[in-house]
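Q: One structure, pasted below without further comment.
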Protein chains: 2
Amino acid sequence: MSIYIEKNRRTKQLIQKSFMLILEKKSFESITIGDITKAAKINRGTFYLHFKDKYDLLEQIEQQLFSDLGTHIDDLQSQYSSTSTFKKEQEDLAVTLFQFIEIHSPMLRIFLSDRGRAGFHIRFRDAFSKKVRLNLEKNETFNERLKFPIEYFLSFITSAFLGLIEQWVQNGLDKTPQEMAMLYIDIISFIQNKE
Amino acid sequence: MSIYIEKNRRTKQLIQKSFMLILEKKSFESITIGDITKAAKINRGTFYLHFKDKYDLLEQIEQQLFSDLGTHIDDLQSQYSSTSTFKKEQEDLAVTLFQFIEIHSPMLRIFLSDRGRAGFHIRFRDAFSKKVRLNLEKNETFNERLKFPIEYFLSFITSAFLGLIEQWVQNGLDKTPQEMAMLYIDIISFIQNKE
DNA sequence: CTCAATTTTCAACATGTTGTTTAGTAACAT
DNA sequence: ATGTTACTAAACAACATGTTGAAAATTGAG
């Protein structure tokens with residue numbers, strides 16, 4: 001019985017492992033069940049014993065990841081004392097998050113870089129980022145003051161914008177463009193002014 | 001001859017229009033060429049006279065959108081004088097961007113909300129956002145000081161993080177988690193301290 | 001160890017989608 | 001009229017999907 005579960009899990013993990021390997025070379029959408037089972041050297045039908053479909057497989061892998069992230073943040077928050085400052089907590093959170101990313105980078109590298117399709121947000125960022133870069137690089141003093149690579153600055157700014165955009169659209173455009181721009185400025189100074 | 005080109009364009013636009021309509025109800029991946037041509041009341045073969053495949057169709061629509069965004073930003077930048085301040089330019093850019101979003105919101109609502117799949121970044125943000133929210137809401141003074149809806153703050157912060165994460169991973173983890181956390185703080189104060 | 005029950009694997013099937021191709025039609029230009 | 005262009009209709013092979021019934025492997029009970 002124990003070996004059954006072992007075998008069961010082993011096959012399931014084999015499928016997940018093979019899937020992740022293929023995902024390094026092909027986009028998610030272009031991967032077929034056949035690709036996965038061929039790589040795992042099992043019958044295609046066996047796949048359906050473990051997963052509903054390709055999307056279920058991805059979902060299960062992602063959920064393990066998210067659950068792991070939740071644990072990391074919970075651990076951090078349990079250490080907070082009443083004397084912790086906002087800024088310190090922000091920094092700790094940042095460290096925790098980036099540490100988590102580092103640990104899971106093999107998997108995240110694949111998920112975050114899948115340009116197969118669906119990567120609309122990536123292409124949107126690229127298009128927007130290119131424009132902002134041109135604007136910034138004309139500014140002489142800008143590059144001198146910069147303590148960090150410009151691509152990080154661009155990723156930060158364009159993603160933050162995209163986040164606000166997504167929320168705005170999701171809220172059914174509950175604000176005017178001017179209000180949104182003000183919101184953007186306010187959030188920046190809010191973050192900065194917290195001591 | 002002129003009417004021929006009319007016919008051609010009309011069919012192509014009809015396909016694009018039908019596609020966008022279907023996209024409001026079904027996810028991109030689940031839409032078949034047959035769905036589109038059936039809705040457009042044209043032969044399936046005709047689709048292939050205008051587009052290579054489903055992805056080509058999406059790409060062409062997106063490219064029109066991005067090209068339009070580029071024009072908007074170009075227009076703005078041509079108005080900059082040597083006396084413009086960084087902060088003013090930032091604000092103008094924000095206004096221009098959000099105005100653009102407003103104009104194209106019907107299309108963007110669909111693109112940005114397609115959870116069909118590929119929406120990994122969305123699910124990642126949700127998972128991370130949930131944790132940050134819990135942490136923030138424990139802070140009494142936080143909610144009082146807030147001039148804007150918390151969901152916007154969360155979208156901003158989590159997206160900005162995600163942007164840095166994507167860049168970091170893309171750069172092959174060229175920094176330590178601590179450096180990344182510092183980078184995050186530095187960018188915030190850099191933006192804020194620009195006058 | 002043996003064997004029946006259970007679990008896992010597999011080959012084959014029906015179904016549906018894709019992209020291509022062929023032949024034919026209709027509208028227009030020269 | 002003749003040729004060109006844009007589309008239609010139907011058929012095609014190639015391939016992917018999810019299911020099923022039979023076979024094989026693994027297990028615990030006797």
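The values are calculated or read from the model by the stated rules, or taken from the named source; none is laboratory data. Computed from a prediction, not measured in an experiment: that's the story for all the values here. So basically every Cβ, Gly included, is an ideal-geometry build from the backbone, and we count neighbours across all protein chains shown. What goes into the accessible areas is simple: the full protein's heavy atoms, side chains included, and nothing from ligands, DNA or RNA. Shrake-Rupley method; radii C 1.70, N 1.55, O 1.52, S 1.80 Å.
Q: For an R0 of 41 angstrom, estimate the FRET efficiency from the Cβ-Cβ distance between B:Asp53 and A:Asp174 and round to the nearest 0.05.
A: Efficiency, rounded to the nearest 0.05: 0.65.
Q: I would also like to ask the following. Rank these residues by their accessible area, most exposed first, probe 1.4 Å: A:Met20, A:Met180.
A: A:Met20, A:Met180
Q: Here is a follow-up. For the full complex of protein chains and a 1.4 angstrom probe, list A:Tyr184, A:Tyr55 by accessible area with the highest value first.
A: Correct descending sequence by accessible area is A:Tyr55, A:Tyr184.
Q: Moving on. In sequence order, what are the phi-derived ³J(HN,Hα) couplings for segment A:38-44 according to the Karplus relation 6.51 cos²θ - 1.76 cosθ + 1.60 with θ = phi - 60°, rounded to whole Hz, with x for glycine and proline?
A: So the J values, rounded to whole Hz, are 5, 5, 7, 6, 10, 6, 4.
Q: Would you check the accessible area of A:Met182, probe 1.4 Å, heavy atoms only, in square angstrom rounded to 10?
A: 110 Å²
Q: Once you average over the residues of B:99-108, how many Cβ atoms of partner chains fall within 10 Å of each Cβ?
A: 4
Q: I would also like to ask the following. Please compute the average number of Cβ atoms from other chains found within 10 Å of each residue's Cβ in peptide A:61-70.
A: 3
Q: Summing both sides, how much accessible area is buried between A and B? Use a 1.4 Å probe and give Å² to the nearest 100.
A: So the total buried area for this chain pair works out to about 9400 Å².
Q: Now a separate question. Averaged over B:149-155, how many beta carbons belonging to a partner chain fall within 10 Å of each residue's beta carbon?
A: Averaged over the peptide's residues, the number is 6.
Q: Here's a follow-up. Using the structure shown, list the pairs from A:Lys25/A:Lys147; A:Lys17/B:Lys130; A:Lys38/B:Lys26; A:Lys38/B:Lys52; A:Lys25/B:Lys54; A:Lys26/B:Lys26 with a Cα-Cα distance above 26 Å, or answer none.
A: A:Lys25/A:Lys147; A:Lys17/B:Lys130; A:Lys38/B:Lys26; A:Lys38/B:Lys52
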